[in-house]
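We did not get these values from a lab; they are worked out from the coordinates using the rules stated. This structure is a prediction, so every number in the text was calculated from the model and none was measured. Methodologically, a virtual Cβ is constructed for each residue, glycine included, from the backbone with ideal geometry; neighbour enumeration extends over all protein chains shown.
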Amino acid sequence: MHLQHDPLDLASLVASVSAPDRGAVATFVGLVRDHHAGRGVLGLEYSAYGAMAEGRCTAIVAEAEEKWPARIALAHRLGGLTVGEAAVIVVAASAHREAAFDACRWVIEAVKAQVPIWKRERYLDGTEAWVDPTAPTGTMPTGVMP
Amino acid sequence: MRRSVLLFARYAELFGGETVSVDLPDGATVADLIAALRALPGGASLPPQPFVAVAQAQAAPGDRLPLDAELALLPPLAGG
C-alpha cells in the first residue's frame with residue numbers, strides 16, 4: 001500500500017529498501033508548506049481515487065526499478081494534515097548515488113504528474129480552496145460554481 | 001445506456017455527489033461522455049478537456065467506452 005491516513009515514517013521506509021549492497025539512499029520528503037500563492041496555509045486535506053492512485057504508485061515504482069538499479073519506497077498521506085507534516089516520501093536505494101538521486105527525482109515528478117490525488121487547502125483567513133496547478137491563481141474555489 | 005461516472009474533489013462538489021449518471025449510446029466515446037457531463041447542472045464549468053479515466057487509466061477523447069469499464073472524471077491532479 002502506498003497511500004495511508006496514518007503519519008508517514010521515514011525511518012521504516014528507508015529500512016524497507018536498504019541492503020548491504022546498496023550504499024546510497026536518496027530521500028525526498030514533501031512537507032505541508034505554510035503558504036501557497038501568497039496566502040498563509042493552516043493545513044490541507046488530501047483525497048484520492050484510491051484504487052487508481054494505488055495502481056499508479058505501484059506502476060511508477062516498478063517503472064523506476066526497471067530504469068535504474070534501485071529499490072524504491074513510496075508513501076503518500078491522505079486525509080487532514082497540518083503545516084510541517086510529511087505529505088509524501090520517496091526513498092531510492094542503490095549501490096551508488098547517481099542512480100539513487102536520479103530515481104528519487106523521477107519518482108516524485110511521476111507521482112505529481114500521474115497519481116489521482118487532490119488537495120484542499122485551509123487558509124489563515126478561514127477560507128478554503130482546491131489546489132489546481134492548471135488554474136492561473138493555482139487554486140479553484142470550493143463549493144458549487146456559479 | 002445509463003452509465004455511472006465516479007467524481008472526486010472539486011468535481012464532486014460541482015455535480016453535488018460522488019457519482020453521476022448519464023445516458024450514452026452504444027459505441028460512445030470519451031468525448032461523448034464529456035459532452036453529456038457538460039450538459040448536466042454544474043457541468044458548464046468543466047475545462048475544455050477534462051481528464052477522464054476509463055478502467056482506471058487515462059483515456060483520450062476518441063477512445064470508446066467499454067461496456068463494463070469503470071468511468072471517472074478527474075480534476076487536475078494535485079498530489080505530492
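Odds and ends about this structure:
- Unmet criterion (only one of (1) surrounded by fewer than 16 Cβ atoms within 10 Å (Cβ to Cβ); (2) in contact with a Phe, Trp or Tyr (Cβ under 9 Å, 6 or more places away or on another chain); (3) within 14 Å of chain B (Cβ to nearest Cβ)) for A:Leu81: (1)
Residue-by-condition table, conditions (1) within 14 Å of chain B (Cβ to nearest Cβ); (2) surrounded by 16 or more Cβ atoms within 10 Å (Cβ to Cβ); (3) more than 22 Å from A:Glu109 (Cβ to Cβ); (4) not hydrophobic (A, V, I, L, M, F, W, C):
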residue	(1), (2), (3), (4)
A:Ser16	no, no, no, yes
A:Gly23	no, no, yes, yes
A:His36	yes, yes, no, yes
A:Leu44	yes, yes, no, no
A:Ile60	yes, yes, no, no
A:Ala64	no, yes, no, no
A:Pro69	no, no, no, yes
A:Ile72	no, yes, no, no
A:Ala75	yes, yes, no, no
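- Residue within segment B:22-44 that is closer than 30 Å to A:Ile89 by Cβ and either aliphatic (A, V, I, L, M) or in a loop (DSSP other than H, G, I, E, B) (or both) present: no
- Hey, A:Phe28 among the hydrophobic types (A, V, I, L, M, F, W, C) and within 12 Å of chain B (Cβ to nearest Cβ) or not: yes
- Only listed residue being acidic (Asp, Glu), more than 9 Å from chain B (Cβ to nearest Cβ) and assigned to a loop (DSSP other than H, G, I, E, B), chosen from A:Asp125, A:Asp102: A:Asp125
- Selection count, segment B:45-80, where residues are within 12 Å of chain A (Cβ to nearest Cβ), assigned to a strand (DSSP E or B) and either touching a residue at least 60 places away in the same chain (Cβ under 8 Å) or more than 12 Å from the chain's Cα centre (by Cα) (or both): 5
- Just one of the listed residues (A:Ile72, A:Ile108) is over 23 Å from B:Ala12 (Cβ atoms), part of a helix (DSSP H, G or I) and either of a type in the set (A, V, I, L, M) or more than 12 Å from the chain's Cα centre (by Cα) (or both), namely A:Ile108.
- Qualifying residue in segment A:82-90 (condition: closer than 30 Å to B:Leu71 by Cβ and within 14 Å of the chain's Cα centre (by Cα)): yes
- Total residues in segment A:84-99 satisfying the condition of being buried (at least 20 other Cβ atoms within 10 Å of the Cβ) and either more than 10 Å from every other protein chain (Cβ to nearest Cβ) or among the hydroxyl-bearing types (Ser, Thr, Tyr) (or both): the figure is 6.
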